[in-house]
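What follows is a short report on a single structure.
The values are calculated or read from the model by the stated rules, or taken from the named source; none is laboratory data. Only a predicted model underlies this, so the values are computations on that prediction, with no experimental measurement involved. Ideal geometry is used to build each Cβ from the backbone, glycine not excepted, and the neighbour counts take in all protein chains shown.
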Amino acid sequence: MFSKLSHNLTISAARKLLDTNKKETLSTAKRLLSIVAGAYIFQRGIRSVTKHPVTSIQETLLGVFLIYDAVSGIKETYPQQPTEVSQIRRNQIQGNDPTSPTPAFV
């Protein structure tokens, strides 16, 4: 009974975490928490495959989704490269690094 209750609590906490972050991008702390929780839920699902196959498949998929959701958004946090020639030239005249999003001199 206690394992069923803790399983339901884990699933509901993961759903709440996923529903909260749909509209905004994840911060670094939330990404780290999502990766750690996903890894824990994933390994828990893998360990209980022989005892509870349906529940373990659900836990495994939830863990994979949490990890994928955290890792897939990392690309958005990288600084964007200048796309137009004028942006590159402006950064070179000011003495800025073209990969830096904020200018060193204004």
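Some notes on this structure:
- Among the residues of region 13-43, those that are within 20 Å of Q58 (Cβ to Cβ) and at pLDDT 80 or above comprise S34, I35, V36, A37, G38, A39, Y40, I41, F42, Q43.
- Screening region 42-73 for residues that are among the β-branched types (V, I, T) and surrounded by fewer than 18 Cβ atoms within 10 Å (Cβ to Cβ) and picking the one that is nearest to the chain's Cα centre (by Cα) gives V71.
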